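The next block holds one structure in the form of structure tokens; read it before the comments.
The values are calculated or read from the model by the stated rules, or taken from the named source; none is laboratory data. Since this is a predicted model, take the numbers as computed values, not measurements. FYI the Cβ positions are ideal-geometry reconstructions off the backbone, even for glycines, and counts take in every protein chain you see. Keep in mind that these areas ignore ligands, DNA and RNA; they rest on the heavy atoms of the full protein, side chains included. Shrake-Rupley method; radii C 1.70, N 1.55, O 1.52, S 1.80 Å.
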Amino acid sequence: MGDRFDVVVIGAGPAGSSAAYNLAKRGFKVALIERGRKPGSKNMFGGRVYAKPLEEAFDGLDKAPIHRWVVKERLSIVNGEEYVTLEYSGSGGKSFTTYLTDLTDWMASKAVDAGATLITEVVVDRLLIRDGRVAGIVSGSDELEADVVVDAEGVNRLVLEKSGLVERLTPRHVALGVKEVIKVEKGDIEKFFGLGEDEGLAWVFMGSVSDGLPGGGFFYTNRDSLSLGLVIYLEKAVEGMKRHIYDMVEDLRIGPLFSKYVENGRVMEYSAHMIPADPRAIRPPRLVWDGLLVTGDAAGLLINMGYTYRGVDTAAYSGMLAAKAIEEAEGDYSASSLKRYEEMLMKSYVGRDLEKFKGVHDLYMNPRLFKEYPILLTGLLRRLYEFDYGGYRLSEAFSEARRGLVSLPRIILDLLEVYRKL
Amino acid sequence: MSSQAAGERKRRKIRLEDLLNNNIWDVDPRPHIRLDTSKCRDCNYKPCVLLCPTGCYTTHGDDVLFSYEGCVECGTCRVVCPEEAITWEYPRSGRGIHFRFS
């Protein structure tokens with residue numbers, strides 16, 4: 001490699017490409033290092049991105065590979081063949097669906113256009129440490145020196161772990177997402193969901209789909225394909241899995257909610273990726289060291305709001321703030337100088353929402369949310385809607401549905417918990 | 001075939017190996033995962049077997065059999081292994097999974 005750079009960025013994902021783009025724009029000599037054949041080839045997500053923070057991180061988002069703007073949101077509580085759905089239709093336009101592989105490639109191309117040097121097919125093995133500070137990166141027998149390094153290596157963060165800056169990931173830190181992308185006929189999505197040609201649907205669901213384990217499913221409409229998948233929190237899954245995760249995802253595809261949409265479709269790709277889970281557990285003790293800033297999933301910057309996830313926008317935003325902090329450091333890349341990055345990040349919507357929604361993870365560890373309550377809710381609505389002669393009053397249906405399942409005081413306590421944490 | 005029979009056929013699961021055939025890999029001839037199988041015999045739950053999305057881990061009696069070729073590099077096996085029996089690296093220089101529509 002040989003050349004010397006002002007900044008080396010590890011990983012051309014949403015965080016790294018954003019950092020590289022915003023640094024190159026400010027005149028820094030940047031190397032953006034990606035282990036894949038091209039940017040995006042190792043990236044995977046559920047299916048949607050919130051646009052506003054991305055617009056701030058990248059100019060010209062209107063030229064990005066956007067599939068559909070989400071105008072319809074669905075939330076379903078599932079119990080076997082039965083499910084209860086809440087649907088919201090609004091003006092939309094705040095988030096869009098896409099393939100993260102394409103969006104990431106676009107982000108990296110923006111960085112390259114701004115002057116960053118993209119180096120693909122290089123795995124960073126560890127940080128180059130000199131005189132107790134980060135001075136570049138090491139890949140095999142190659143060293144690449146830089147004044148400062150931005151770590152955007154993603155959720156597995158092997159580099160940080162090998163450098164002893166974070167502890168080894170445990171099941172509490174992460175959740176596993178598995179997805180099928182299914183090609184459908186042109187026009188099917190508009191027909192199925194009553195959408196315009198650039199309008200999209202986002203659908204999340206929980207209950208029996210995760211076999212009672214903390215987790216849930218997602219379904220997004222892309223241009224002419226559907227993304228269908230499942231997230232399982234590993235903390236409870238290590239001992240709680242009843243069958244193979246592939247079986248659980250396939251049961252979604254052929255199950256009552258989705259088979260009618262995908263039965264004429266063709267699977268295009270089967271992918272999996274981990275996401276940060278408990279934000280307090282996975283956040284590194286600090287996000288800056290002498291000569292190093294940590295961004296994106298490696299920094300645990302994923303926000304689970306309970307009914308939607310945000311990770312791509314927060315990653316890109318953190319990359320942008322890392323670039324700002326590097327500029328403001330004016331050559332002093334000590335931890336105390338780079339601390340500005342952590343301060344800006346925590347004061348931004350990313351830090352505020354991480355704090356605001358930190359309790360959601362505790363809520364997710366309540367097993368009743370995924371087992372007893374879906375049974376209760378579907379049982380209640382079944383009694384209200386399905387009758388031959390005499391019907392139920394709400395209170396009758398409720399007490400019958402919850403009989404033997406969960407006590408009234410327990411429900412009240414859990415509801416209070418949901419109210420406090422969501 | 002009647003339309004009902006076609007519907008039944010469509011509602012059957014796709015085999016995992018057929019699902020994986022939709023993906024593109026450039027397999028690193030040098031395994032990027034190493035498994036110390038001697039640690040697997042005494043492992044009670046063997047969580048890697050049900051949690052590896054691509055089925056890289058299977059059981060044979062008390063033993064765990066393993067292949068790295070279908071790995072999509074999610075890293076789950078390393079995290080869930082209670083015995084820390086898995087040495088897990090990324091495949092070298094652009095090898096491994098190549099996502100296109102994810």
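Observations on the model:
- Within the set A:Gly194, A:Gly212, A:Gly216, A:Gly229, the sole residue that is open to solvent by 10 Å² or more (accessible area, probe 1.4 Å), modelled with pLDDT of 95 or more and under 22 Å from A:Arg172 (Cβ atoms) turns out to be A:Gly216.
- Selection status of A:Gly132, surrounded by fewer than 20 Cβ atoms within 10 Å (Cβ to Cβ), within 14 Å of chain B (Cβ to nearest Cβ) and farther than 14 Å from A:Ala24 by Cα: no
- Within segment A:1-109, strands (runs of 3 or more DSSP E) holding 3 or more residues that are buried (at least 22 other Cβ atoms within 10 Å of the Cβ) and either away from chain B (no Cβ under 14 Å) or hydrophobic (A, V, I, L, M, F, W, C) (or both): A:5-10, A:30-33, A:68-79
- Some residue of segment A:387-409 being touching a residue at least 40 places away in the same chain (Cβ under 8 Å), in a helix (DSSP H, G or I) and not hydrophobic (A, V, I, L, M, F, W, C): no
- Identity of the residue in segment A:110-129, within 25 Å of the chain's Cα centre (by Cα), of a type in the set (A, V, I, L, M, F, W, C) and over 19 Å from A:Gly319 (Cα atoms), that ends up surrounded by the most Cβ atoms within 10 Å (Cβ to Cβ): A:Val123
- Residues satisfying the stated conditions in segment A:349-388, i.e. among the hydroxyl-bearing types (Ser, Thr, Tyr), buried (at least 18 other Cβ atoms within 10 Å of the Cβ) and modelled with pLDDT of 95 or more: A:Tyr373, A:Thr378
- Filter pass, A:Phe205 being aromatic (Phe, Trp, Tyr) and out of contact with any strand residue (DSSP E or B) (no Cβ under 7 Å at 6 or more places or on another chain): no
- Matching residues in segment A:21-52 - criterion: being within 15 Å of A:Trp106 (Cα to Cα) and within 17 Å of the chain's Cα centre (by Cα): A:Gly40, A:Ser41, A:Lys42, A:Asn43, A:Met44, A:Val49, A:Ala51
- Meets criteria (part of a strand (DSSP E or B), away from chain B (no Cβ under 14 Å) and not small (Gly, Ala, Ser)) for A:Phe218: no
- Positions within segment A:405-422 being of a type outside the set (A, V, I, L, M, F, W, C) and open to solvent by 90 Å² or more (accessible area, probe 1.4 Å), in sequence order: A:Arg410, A:Tyr419, A:Arg420
- Segment A:229-245 - residue that is in a helix (DSSP H, G or I) and within 8 Å of another protein chain (Cβ to nearest Cβ) and, of those, farthest from B:Asn44 (Cα to Cα): A:Ile245
- Residue check for A:Gly154: touching a residue at least 60 places away in the same chain (Cβ under 8 Å), open to solvent by 10 Å² or more (accessible area, probe 1.4 Å) and within 14 Å of chain B (Cβ to nearest Cβ): yes
- When A:Ile275, A:Ile282 are screened for being within 14 Å of chain B (Cβ to nearest Cβ), open to solvent by 30 Å² or more (accessible area, probe 1.4 Å) and either out of contact with any Phe, Trp or Tyr (no Cβ under 7 Å at 6 or more places or on another chain) or aliphatic (A, V, I, L, M) (or both), only A:Ile275 passes.
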